[in-house]
Each structure stands twice: as C-alpha cells, then as structure tokens.
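Comments concern the structure below.
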Amino acid sequence: MLTRMDSFQATIDADGRIEPRDAMPEGYRKTLIRQIAQHAHSEIIGMQPEGNWISRAPSLRRKAILMAKVQDEAGHGLYLYAAAETLGVDRAELLDLLHAGRQKYSSIFNYPTLTWADIGAIGWLVDGAAIVNQVPLCRCSYGPYARAMVRVCKEESFHQRQGFEILHTLCNGTPGQKAMAQDALDRWWWPSLMMFGPPDAASTHSEQSMAWGIKRHSNDELRQRFVDMTVPQADILGLRVPDDGLVYDDATGHYTFTEPDYAELYEVVKGNGPCNEKRLAHRVKAHEDGAWVREAAAAYAAKRQEAVA
Amino acid sequence: MSIEPLWEVFVRSRRGLSHTHVGSLHAPDATMALRNARDVYTRRQEGVSIWVVRATDITASSPDEKDEFFDPAGDKVYRHPTFYEVPEGVEHL
C-alpha cells in the first residue's frame, strides 16, 4: 500500500506538481515557506530604492513608468505572500518575522540609489538577474509558487527593458550623462553578481532543493548565464563592465569573469550593508502608519455585517 | 492572525471564457476584495469580470481520499466515443 509520502516522492520523480493539501515532508514545507517568504519580502523591500526616485524622475513619462514598476513590485509581493499562505502560514506572521529581522530579503536592496542612472541599472541588472533566477522557478515542483512566478516573469520583462532604455538614453546623451551611467554600472555590477548567492561549493540549501525540484540550476550556472547575457548588452550601451578579468572564451562560448567578493555578500546578509537599517526601519514605519487604515476597513466591514444581520 | 479574511480570486479573461482561479488575497469585505483583486490581478487588462469568494466558503475534495473519490469513473471507458467500433464505410457517426 502506498503511503501519502510515497505519493509525494512519486510525483516529484515524475516531475509533477505538488499542490497545497498534498502530503509533503516537513522539510519541503519549511524550505518553501522560507524561500517564498524571502522572495515576497524582497519584492516589497525592493520598492524602496526605486520609490526614492519617483518624485525626481526626469519626465512625466519616466515617472509614470517608474510608478507602474513599483506597483508591480507590490503586486509581486502579494502573489508570493498568497503562495506562501497555501503552506499554512499567515501573511501577518511572515511580516512580523521580516520586521523582527528573523527572515531575510535579497541583499541587493541594501545598496543606495544615488543617481537617476541607478534606476536604469536596477532595471537592467537587478531585474535582469532576477529574471535569470526566476524563469526556472516557473517550473518549480510546488504548484502555487510556480504559478505565481509565471505571472511575475511576464511582468518583469518590462522592468528590465525600461531600465535598459534609461541607460541607453543616458549613454547617448552628454558626456556627463554617460559618465553617470558608467558610474551606476560600476557600483551595481558586483552586487548584481552576488544576487545568485554563494558559490556552489558553499551553498547550504542547494542540494536538497534540487532533489525536491524547487531549484533547477545551481547558483554558479545561473551567474554564468547572467554574465553571458549581460556583457554584450553593455557593449551596445558603450559601457565598460568593471572587471579586468572579463574575457570571452571562444572554446566554451562563455565569458570568464572575476567572482564577486562573497565576504561582502555575507556581511550585507548579516545586516551590515549600507542601507539595511534604513530599509527595515522604513518598512516597519510604513506598516505601523498603515494600521489605522486596516482598522478602519475592518470596523467598516463589521458595521456592514451587523446591518445585514 | 490577519484581521482580514482570505478571498479566492477568479478572473474571466475575455467574453466567451469561464472564470479561472488566479490566486488569493486578504481584504476586510467583499467590496474591498474586488477592488484589491482588480489592482493585484488585472493591472494589464487581464480580465473583463472578477469573482471573489471567501476561502472559508469553499468546500474541497480531500487529497487523502483522491483515489476512492475519483475511482468510480476509472472503469467506465464506454463513456468515451473511442470505445465503440465503427464498421468501415460508416460516415458522420
């Protein structure tokens, strides 16, 4: 007789999808909750570095685009919190863990956006790296997560293009504007490479996640894919990737590149990046400032309920 | 616990198609759930109609009894047209 756990393994082995009420090992559930929550937190914290530039966007067109992008990030956060909740956790609980610093978000959002060109660099590099990470997640073994990622990926490609367009415009502008674009690439290149996580040899959760079909490619594989995709795009912009070790290898068809400083990644993950405290404090404040809205809506709903009863 | 109940969201992507489940969200009441669903799930004109249903109002079949529950249809191949032999030369059948 097949147990419910056998049926879990059989589904995974057949590359099928696990759905919310199916039996699953506790480790699978916990890994997914951790990963989806971290992903959701990244989406909503990611609104901050860009939101910072909405009021200073250089034209009405750019402002409307940036607002739409930041709204998308909020939406992506909501898709992902909803996916996490199908595993039996509550969104409010996940937000409490974020606010208490007990769950993480992507280290990339702990870097500041100093100039308008940074908005271009985030769209092009950060969203570009996110797409490389996220496309394989559309085939993740957990159905609700995979479905949320399909929606996210569809929307993300506009984000990357608008970023590239910003930089392309700056690169074809005055020498000062081009220098601003180069400066943004210089600062965002290394943190973007860190977005793929530690090198495979040091990656703690990877092996089990691969076996469970949550993760489909290793960190180093995805990092290589990102470099191969991005370097020719930098050439088109006429910008220099800040890596003296960058060489195209004719034999393999891939770029050889310098690894980022992972010690910096660990420091930022630990909370010692340039903006960690600011990001979290802002998030907590936004949540607390919104409390009266949630309370008023609940009170109104209760009053209406009484009127019906 | 969230003060706001959970709602399941169904969207009709265009006329002629049925509503399809797209995800869920929290909202204090049905009106807010509809508005939030519009903002969360149809930012790019993905729908012409939205349903929201309180998640607690949905009764679902249990994955535990999946086999017993769906078994009865398993041995009734005669419900499919391919079960029947059609003599050669018969048309429009």
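Pairs needed: first member in the stretch B:17-41, more than 9 Å from every other protein chain (Cβ to nearest Cβ); second member anywhere, among the acidic types (Asp, Glu); C-beta distance under 8 Å; at least 6 residues apart or different chains.
From residues that are more than 9 Å from every other protein chain (Cβ to nearest Cβ), the pairs are B:His21/B:Glu8.
So, in the stretch A:138-189, of the ones that are without any contact (Cβ under 8 Å) to a residue 24 or more places away in the chain and within 17 Å of A:Leu78 (Cα to Cα), which residue ends up surrounded by the fewest Cβ atoms within 10 Å (Cβ to Cβ)?
Filtering the stretch A:138-189 for residues that are without any contact (Cβ under 8 Å) to a residue 24 or more places away in the chain and within 17 Å of A:Leu78 (Cα to Cα), the one surrounded by the fewest Cβ atoms within 10 Å (Cβ to Cβ) comes out as A:Lys154.
Any idea which residue in the stretch A:112-168 is modelled with the lowest pLDDT, counting only those that are among the hydroxyl-bearing types (Ser, Thr, Tyr) and in a helix (DSSP H, G or I)? Steps first, answer last, please.
Step one: of the stretch A:112-168, the residues among the hydroxyl-bearing types (Ser, Thr, Tyr) are A:113, A:115, A:141-142, A:145, A:157.
Next, only the ones that are in a helix (DSSP H, G or I) stay: A:145, A:157.
On the way: A:Tyr145: 97, A:Ser157: 85.
So the residue we want is A:Ser157.
Could you say which residue among A:Gln71, A:Gln48, A:Gln103 is assigned to a helix (DSSP H, G or I), among the polar types (S, T, N, Q), out of contact with any strand residue (DSSP E or B) (no Cβ under 9 Å at 6 or more places or on another chain) and touching a residue at least 60 places away in the same chain (Cβ under 8 Å)?
Details: A:Gln71 fails: touching a residue at least 60 places away in the same chain (Cβ under 8 Å); A:Gln103 fails: assigned to a helix (DSSP H, G or I).
Step by step, each of A:Gln71, A:Gln48, A:Gln103 is checked, and only A:Gln48 is assigned to a helix (DSSP H, G or I), among the polar types (S, T, N, Q), out of contact with any strand residue (DSSP E or B) (no Cβ under 9 Å at 6 or more places or on another chain) and touching a residue at least 60 places away in the same chain (Cβ under 8 Å).
Which members of the stretch A:278-291 meet the condition of being without any contact (Cβ under 8 Å) to a residue 40 or more places away in the chain and either touching a Phe, Trp or Tyr at 6+ places or on another chain (Cβ under 8 Å) or loosely packed, with under 10 Cβ neighbours inside 10 Å (or both)?
A:Asp289, A:Ala291
Kindly check whether there is at least one residue in the stretch A:80-87 that is aromatic (Phe, Trp, Tyr) and assigned to a loop (DSSP other than H, G, I, E, B). It would help to see each step written out before you state the result.
At the first step, the residues of the stretch A:80-87 found to be aromatic (Phe, Trp, Tyr) are A:81.
From the residues that got through so far, the ones that are assigned to a loop (DSSP other than H, G, I, E, B) too are none.
No.
Considering each of A:Arg62, A:Arg56, A:Arg34, A:Arg29 in turn, give the residue that is under 20 Å from the mean Cα position of the chain (by Cα), basic (Lys, Arg) and over 25 Å from B:Arg38 (Cβ atoms). Steps first, please.
Values: A:Arg62 fails: under 20 Å from the mean Cα position of the chain (by Cα); A:Arg56 fails: under 20 Å from the mean Cα position of the chain (by Cα); A:Arg29 fails: under 20 Å from the mean Cα position of the chain (by Cα).
Exactly one of A:Arg62, A:Arg56, A:Arg34, A:Arg29 is under 20 Å from the mean Cα position of the chain (by Cα), basic (Lys, Arg) and over 25 Å from B:Arg38 (Cβ atoms), namely A:Arg34.
How many residues, within the stretch A:177-207, are part of a helix (DSSP H, G or I) and among the polar types (S, T, N, Q)? Please lay out each step first, then the result.
Of the residues in the stretch A:177-207, the ones part of a helix (DSSP H, G or I) are A:177-194, A:200-202, A:206-207.
From what's left, among the polar types (S, T, N, Q): A:177, A:182, A:192, A:206.
So the count comes out to 4.
If A:Ala57 passes every condition in (1) out of contact with any Lys or Arg (no Cβ under 7 Å at 6 or more places or on another chain); (2) away from chain B (no Cβ under 11 Å) but one, which one does it miss?
Here A:Ala57 meets the rest and fails (1).
The values are calculated or read from the model by the stated rules, or taken from the named source; none is laboratory data. What you see is a predicted model, and the numbers here were worked out from it, not measured in a lab. Cβ coordinates were reconstructed from backbone atoms using ideal geometry, including for glycine residues, and neighbour counts include every protein chain displayed.
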